[in-house]
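Asker: One structure is given below, represented as structure tokens, and several questions about it will come after.
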Amino acid sequence: MSKLDPQERVEVYEELFELYFSEAERLYAREELPQAGEKYWSAVASLLKAIAELEGLPHYTHRDYVEIVEHIAEKQNNPEISILFSLAEGLHANFYHSFLRKPTFSKHREGVLKLIKKLKEYLNALKLSK
């Protein structure tokens, strides 16, 4: 992807978001929770990468994702974004350890859906300002 310009990379990350998100929803409907959680995580990571491309931020490690989330939370004066991100991290960890029961997983998912909405709004505002 390094040969693509930043706008093309943003488009690729948005396409990846759509792919991961639709797969997450399909897996959730089939109650394959660990796999669904990892796809929700990947969807969130794809949005963070798209945002980072537009803002010139590194986006290669988990630490980078945390920094991007904190950057957004500060710019928007909205600490809830960081809290919602921690729910996505919980779904990511559940992929490896399968510790969330369905009711708890579903609550995490609700928060992640809210985070996705906020990240998409932020990304769209960024794209309009460029």
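The values are calculated or read from the model by the stated rules, or taken from the named source; none is laboratory data. These numbers were taken from a predicted model, which means no experiment stands behind them. Cβ: placed from backbone, ideal geometry, glycine included. Neighbour counts: every protein chain shown. Surface accessibility is based on the protein's heavy atoms, side chains included, excluding ligands, DNA and RNA. Shrake-Rupley method; radii C 1.70, N 1.55, O 1.52, S 1.80 Å.
Asker: Report, to the nearest 10°, how far helix 102-129 tilts away from the longest principal axis of the Cα atoms in the chain, using its own Cα long axis and a range of 0 to 90°.
Answerer: 10 degrees
Asker: Rule-of-thumb check for the range 3-130: C-alpha Rg over 2.2 N^0.38 Å?
Answerer: On the way: Rg = 14.2 Å, N = 128, 2.2 N^0.38 = 13.9 Å.
Rounded to two decimals, the normalised Rg is 1.02.
Asker: Accessible area per residue, 1.4 Å probe, Å², for the chain: what's the number?
Answerer: So the chain comes to 55 Å² accessible per residue, rounded to a whole number.
Asker: When the distances between all Cα atoms of the range 61-122 are binned every 5 Å from zero, what whole-number percent does each bin get?
Answerer: 4, 19, 27, 23, 16, 9, 3
Asker: Quickly rank 64-75, 92-103 as a protection proxy: mean count of other C-beta atoms within 10 Å, highest first. Provide the component values of the computation, followed by the final result.
Answerer: Numbers: 64-75: 17.2, 92-103: 13.3.
Listed from highest to lowest mean packing, they are 64-75, 92-103.
Asker: Taking the chain as the reference, fit the longest principal axis to its C-alpha atoms, fit the long axis of helix 62-75 to the helix C-alpha atoms, and give the angle between the two in degrees, 0 to 90, nearest 10.
Answerer: The angle comes out near 70 degrees.
Asker: Beyond 22 Å between alpha-carbons counts as too far, so tell me which of Lys75/Lys114; Lys3/Lys117; Lys39/Lys120; Lys75/Lys118; Lys49/Lys117 fall in that bin.
Answerer: Numbers: Lys75/Lys114 18 Å; Lys3/Lys117 29 Å; Lys39/Lys120 17 Å; Lys75/Lys118 13 Å; Lys49/Lys117 15 Å.
In this structure, Lys3/Lys117 lie more than 22 Å apart at Cα.
Asker: Now, a different point. Where nothing but the Cβ of Lys and Arg (+1) and of Asp and Glu (-1) is charged, how large is the charge dipole of the chain around its Cα centre, in debye to the nearest 20?
Answerer: Numbers: 18 positive and 21 negative charges, 74 e Å.
Magnitude of the dipole: close to 360 debye.
Asker: Would you mind telling me the share, in percent, of accessible area of the range 53-116 contributed by carbon and sulfur at probe 1.4 angstrom?
Answerer: Numbers: 1950 of 3630 Å².
In the range 53-116, the share of accessible area belonging to carbon and sulfur is 54 percent.
Asker: GluC sites (Glu not before Pro) within the range 1-43: which are DSSP loop residues with at most 15 other Cβ atoms inside 10 Å? Before the final figure, lay out each step's value.
Answerer: On the way: sites: Glu8, Glu11, Glu14, Glu15, Glu18, Glu23, Glu25, Glu31, Glu32, Glu38; in loops: Glu31, Glu32.
Filter output for the range 1-43: Glu31, Glu32.
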